[in-house]
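J.: After the structure tokens below, expect a handful of questions from me.
The values are calculated or read from the model by the stated rules, or taken from the named source; none is laboratory data. If you're wondering where the values come from, they're calculated on a predicted model, not measured in any experiment. Positions of Cβ are generated from backbone atoms using ideal geometry, with glycine treated the same way; all protein chains shown enter the neighbour counts. Ligands, DNA and RNA are excluded from the accessible area calculation, which covers all protein heavy atoms including side chains. Shrake-Rupley method; radii C 1.70, N 1.55, O 1.52, S 1.80 Å.
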Amino acid sequence: MYPVTLNVTGRRCLVVGGGWVALRKVEGLIAEGAQVTVVTPEAVGPLAILQKNQAITLEKRAYRPGEAAAFSLVFAATDDREVNRRVSEDAASAGVWVNVADDPALCTFHLPARVRRGSLQLSIASAGESPFVVRRLRAFLERRFGPEWTAWIEAAGRFRGAVRALGLPRDEMERRYDLFFDSTVDTRQIRARVPAAEELARWLSPDPEKPGTGRAENGKGSQVGVASPDGARGRAGLVSLVGGGPGDAGLLTLRGRQRLMSAGAVVYDRLAATALPCDLPANVGLHCVGKEAGHHPVPQEEINALLVRLAREGKRVVRLKGGDPYVFGRGGEEAEALAAAGVLFEVVPGVTSGIAVPAYAGVPPTHRQEAVQVTLLTAHESKKVEGPQVRWDLLAADPHATLVGYMGVTSLPHAVERLIAAGMNRLTPAAVVERGTTSAQRVIRSTLAELPAAVERASIEPPALFIIGTVVRHADTLDWFGKRPLSGERLVIASPGGDLGAELDMCGAEVVEVPLPVTPAARVVLGALPLTGCVLRSPEEADALDEERDGPGWDSSKVVAWCLRPAAAERARFLGWRNVVHLPDETPGAVIRAMVRG
Ligand code: SAH
């Protein structure tokens, strides 16, 4: 079968038959401007009305042998097989295309089922062999392609006209069509949007990938000297050294988020991965420069060079670091390198783990009458023979101080030994917090002397920090974080998470709200820590998130699919998800109670 779409405007078409099947063919033909003659001894009411309105010529009589030959296209839809055969033979011998309803053997063409959105037509056909499949697929596509595709296809047609008028070379034209399509169509969700006038103007401008150019022509675009997100020749780049906070995505600052959302490139440490906004636009360049305790996959000099290079391309660059960039983050060195290269930079401080993590572990670092100073230190350096050393002797002498040690897992035994040797009380309360402020937070508490052994028994791994001082005792009463009903849960929910997402967060779950289709940034966030559950509110969400199940944070044997609709649960089971739970009561309260029960 060879698919074609016919222009039937003004063409003479014959429909033999006057029932409901015939009527459907007639309506399809007149909608396309065909000149329709209906031959039938008896006709259903709507055909008579069409005749009255002069939309068709209705001849109330029997089919006359041979008359099919005078038409361009012929349809037979009578309930008399003999008449149908006659019409078919007449047409075929005259070289006229003929379709006989429900009789593929008598057809020289079939009609595909179609979904129509303006000039966009999706046709489905099975060469007449499995009409039941065709009907179901059509119904499915009819549901999936929303009405917005009509306006979209019109915009696409206008855009094509405008691109062609530019007289560009082929590959330049294709590049603009790509921009139009990729920016307006969500292929996973099968959704489309009509682009804004500024976007269209930009895609038609000489430098279509550069935001702002569409309006720059009338004097409003970026000015020279101001960095543009994507970069452009002749513009100065800007590097923002942004502190991403200690792990809880909610602890990123407003300015940090603002800089990220308008960045052209983001260079991030693994420690900062959970701070990446899941809704970071998919076209922002993401550079992971690793940096985990013990191994530095990308050497510091290379990171510096990368920042300088990106900035020199004129980009707005965000260097995203865990906690605060200037607290044990080597942010100072990066800033020095940028200053030396003459690159504009700024610092957006972050919530440092040394202050936030104690808070999430129930420890106020200062407390009236108990601790009047806090020392942020790294024991890491003290293992090295050369270089500046922590003065353990001075720290050990002050019982009214709190010590917070970064990069503390491997150097803890050494630090404790030095403090005790310098006279610190062996019974001083102490704690180690692993992955503080996240769903994976673990807190180990003991006396100073016993802390290294306790940490070893619990197999604590970086990132972790230690807290030493009498204030640690307050964790007995101030542990708010671990006590919330959903603490320890890390849940994925499609964006917008709505009231349910907000409630889950309030109840202590770490909620990862991912846009669909899933963005590259969301993928980084999903993979940063183990997930415990996934909220599915529709079969479509199940489909979209199913593709993420191979990701690093996703252990299918552990992740529970909390399904709010029977159809979502059905779809998840069909896709092979394990641990599918259907929640018949969809109110946030009931959902949370079900999750707490497990
Ligand atoms: N600039 C960062 C620190 C970078 S050094 C900041 O201001 O927080 C890395 C160390 O920070 C880790 O080894 C660990 O000691 C500490 N750290 C960072 N995030 C942490 C977290 N979520 N929980 C516990 N310690 C953390």
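J.: Can you go through Ala371, Ala356 and tell me which one is at pLDDT 95 or above and either farther than 23 Å from Thr253 by Cβ or polar (S, T, N, Q) (or both)?
T.: Ala371
J.: Next question, about the same structure. Got at least one residue in segment 469-487 being exposed (fewer than 15 other Cβ atoms within 10 Å of the Cβ), farther than 30 Å from Asn283 by Cβ and within 15 Å of the ligand (Cβ to nearest atom)?
T.: No, every residue in segment 469-487 fails to be exposed (fewer than 15 other Cβ atoms within 10 Å of the Cβ), farther than 30 Å from Asn283 by Cβ and within 15 Å of the ligand (Cβ to nearest atom).
J.: If we scan segment 380-399, do we find a residue that is open to solvent by 40 Å² or more (accessible area, probe 1.4 Å), within 14 Å of the ligand (Cβ to nearest atom) and either touching a residue at least 24 places away in the same chain (Cβ under 8 Å) or at positive phi (or both)?
T.: Yes; the residues of segment 380-399 include at least one that is open to solvent by 40 Å² or more (accessible area, probe 1.4 Å), within 14 Å of the ligand (Cβ to nearest atom) and either touching a residue at least 24 places away in the same chain (Cβ under 8 Å) or at positive phi (or both).
Condition check ((1) over 29 Å from Ile190 (Cα atoms); (2) of a type in the set (Gly, Ala, Ser); (3) within 20 Å of the chain's Cα centre (by Cα); (4) modelled with pLDDT of 95 or more) across all residues:
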residue: Gly482; (1), (2), (3), (4): yes, yes, no, no
residue: Leu491; (1), (2), (3), (4): no, no, yes, yes
residue: Ser495; (1), (2), (3), (4): no, yes, yes, no
residue: Leu516; (1), (2), (3), (4): no, no, yes, no
residue: Pro520; (1), (2), (3), (4): no, no, yes, no
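J.: State which residue pairs qualify: first residue on the phi > 0 side of the Ramachandran plot and in a loop (DSSP other than H, G, I, E, B) and inside segment 322-348, second residue open to solvent by less than 40 Å² (accessible area, probe 1.4 Å) and within 16 Å of the ligand (Cβ to nearest atom) in any location, beta carbons under 7 Å apart, and separation of 6 or more residues or different chains.
T.: Phe328/Thr378; Phe328/Tyr406; Arg330/Gln300
J.: If a residue must be assigned to a strand (DSSP E or B) and within 53 Å of the chain's Cα centre (by Cα), how many such residues does segment 35-55 contain?
T.: Qualifying residue count, segment 35-55: 2.
J.: While we're on this one: In segment 328-357, how many are more than 16 Å from the ligand (Cβ to nearest atom) and open to solvent by 20 Å² or more (accessible area, probe 1.4 Å)?
T.: The total comes to 9.
J.: Is it the case that Asn7 is within 24 Å of Ala127 (Cα to Cα), among the polar types (S, T, N, Q) and touching a His at 6+ places or on another chain (Cβ under 8 Å)?
T.: no
J.: Let me ask another. Can you report the number of residues in segment 360-379 which are touching a residue at least 40 places away in the same chain (Cβ under 8 Å) and either more than 16 Å from the ligand (Cβ to nearest atom) or open to solvent by 20 Å² or more (accessible area, probe 1.4 Å) (or both)?
T.: So the answer is 8.
J.: Follow-up question, since we're still on this one. Looking only at residues that are part of a helix (DSSP H, G or I) and in contact (Cβ under 8 Å) with a residue 24 or more places away in the chain in segment 488-500, which one is least open to solvent (accessible area, probe 1.4 Å)? I'd like the intermediate steps shown before the answer.
T.: Start the filter on segment 488-500 by keeping residues that are part of a helix (DSSP H, G or I), which leaves 498-500.
Within this subset, residues satisfying the condition of being in contact (Cβ under 8 Å) with a residue 24 or more places away in the chain are 499-500.
Working: Asp499: 121, Leu500: 16 Å².
The extreme case among them is Leu500.
J.: Leu451 - would you say it is over 41 Å from the mean Cα position of the chain (by Cα) and either at pLDDT 95 or above or surrounded by fewer than 17 Cβ atoms within 10 Å (Cβ to Cβ) (or both)?
T.: yes
J.: While we're on this one: Taking only segment 425-444 into account, find how many residues are without any contact (Cβ under 8 Å) to a residue 24 or more places away in the chain and either in contact with a helix residue (DSSP H, G or I) (Cβ under 9 Å, 6 or more places away or on another chain) or within 16 Å of the ligand (Cβ to nearest atom) (or both). Give the steps one after another, and end with the answer.
T.: If we filter segment 425-444 for residues that are without any contact (Cβ under 8 Å) to a residue 24 or more places away in the chain, which is where we start, we get 426-427, 442, 444.
Then keep just the ones that are either in contact with a helix residue (DSSP H, G or I) (Cβ under 9 Å, 6 or more places away or on another chain) or within 16 Å of the ligand (Cβ to nearest atom) (or both); that gives 426, 442, 444.
Qualifying residue count for the region: 3.
J.: Taking only segment 445-466 into account, find how many residues are outside any loop (DSSP other than H, G, I, E, B) and either of a type outside the set (A, V, I, L, M, F, W, C) or within 12 Å of the ligand (Cβ to nearest atom) (or both).
T.: Going through segment 445-466 one residue at a time, the tally reaches 9.
J.: All but one of (1) within 22 Å of Gly128 (Cα to Cα); (2) without any contact (Cβ under 8 Å) to a residue 12 or more places away in the chain hold for Asn53; which doesn't?
T.: Just one mismatch for Asn53, condition (1).
J.: Could you list, in sequence order, the residues of segment 294-327 that are within 13 Å of the ligand (Cβ to nearest atom) and at pLDDT 95 or above?
T.: Selection gives Arg319, Leu320, Lys321, Gly322, Gly323, Asp324, Pro325, Tyr326, Val327.
J.: Could I ask something else about it? Being more than 25 Å from Tyr268 (Cα to Cα) and of a type in the set (Asp, Glu) narrows it down to one residue among Asp543, Asp555; which is it? Spell out how you get there, then give the answer.
T.: Details: Asp555 fails: more than 25 Å from Tyr268 (Cα to Cα).
Only one candidate qualifies: Asp543.
J.: Could you run through segment 141-164 and say how many residues are open to solvent by 80 Å² or more (accessible area, probe 1.4 Å) and under 24 Å from the mean Cα position of the chain (by Cα)?
T.: Residues in segment 141-164 being open to solvent by 80 Å² or more (accessible area, probe 1.4 Å) and under 24 Å from the mean Cα position of the chain (by Cα): 2 in total.
J.: If you scan segment 403-441, which residues turn out to be assigned to a loop (DSSP other than H, G, I, E, B) and open to solvent by 40 Å² or more (accessible area, probe 1.4 Å)?
T.: If the condition is that a residue be assigned to a loop (DSSP other than H, G, I, E, B) and open to solvent by 40 Å² or more (accessible area, probe 1.4 Å), then Met407, Thr410, Ala422, Gly423, Asn425, Arg426, Leu427, Arg435 are the ones that fit.
J.: Going through segment 235-271 one residue at a time, which ones are within 16 Å of the ligand (Cβ to nearest atom), open to solvent by less than 40 Å² (accessible area, probe 1.4 Å) and in a helix (DSSP H, G or I)?
T.: Across segment 235-271, the qualifying residue is only Gly256.
J.: Another question about this same structure. Report yes if some residue within segment 272-288 is within 15 Å of the ligand (Cβ to nearest atom) and over 19 Å from the mean Cα position of the chain (by Cα); otherwise report no.
T.: no
J.: Considering only segment 165-176, state which residues are charged (D, E, K, R) and open to solvent by 80 Å² or more (accessible area, probe 1.4 Å).
T.: Arg170, Asp171
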